[in-house]
Amino acid sequence: GLCIMAPLCENDFFIIAVHFWAPTFKWGISIANIADFAKPPEKLSYPQEIANILCYPAVTCTRVIWSHYSTVITPVSWFLSYLAWVYEETEFYN
């Protein structure tokens, strides 16, 4: 089939790779966590905070897995590794 993106897909063009876009969209979660830092405590959802606390071990596992994966893939994605750490830390702080 004819693919107008074929020349880009055949090269290691970073911008169209999942290694770029998946972490880019995941930054939205970390940015939302950072935005919650400024909220007064009475505006926070306590059931959501309890769920976050209960899910923290899963978030830590996610960080460990993605930090490792980001260093063994080609090309190595330091962007993904850094995101995994920031996501965990903002979730923990929140």
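The values are calculated or read from the model by the stated rules, or taken from the named source; none is laboratory data. All figures in this text were calculated on a predicted structure; none of them were measured in a lab. Positions of Cβ are generated from backbone atoms using ideal geometry, with glycine treated the same way; all protein chains shown enter the neighbour counts.
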Quiz item: Under the condition of being over 14 Å from SER30 (Cβ atoms) and in contact (Cβ under 8 Å) with a residue 12 or more places away in the chain, which residue from the stretch 75-85 is surrounded by the fewest Cβ atoms within 10 Å (Cβ to Cβ)?
Solution: PRO75
Quiz item: How about the stretch 38-75: which of its residues are outside any helix (DSSP H, G or I) and either over 16 Å from THR90 (Cβ atoms) or modelled with pLDDT of 85 or more (or both)?
Solution: ALA38, PRO40, SER45, ILE73, THR74, PRO75
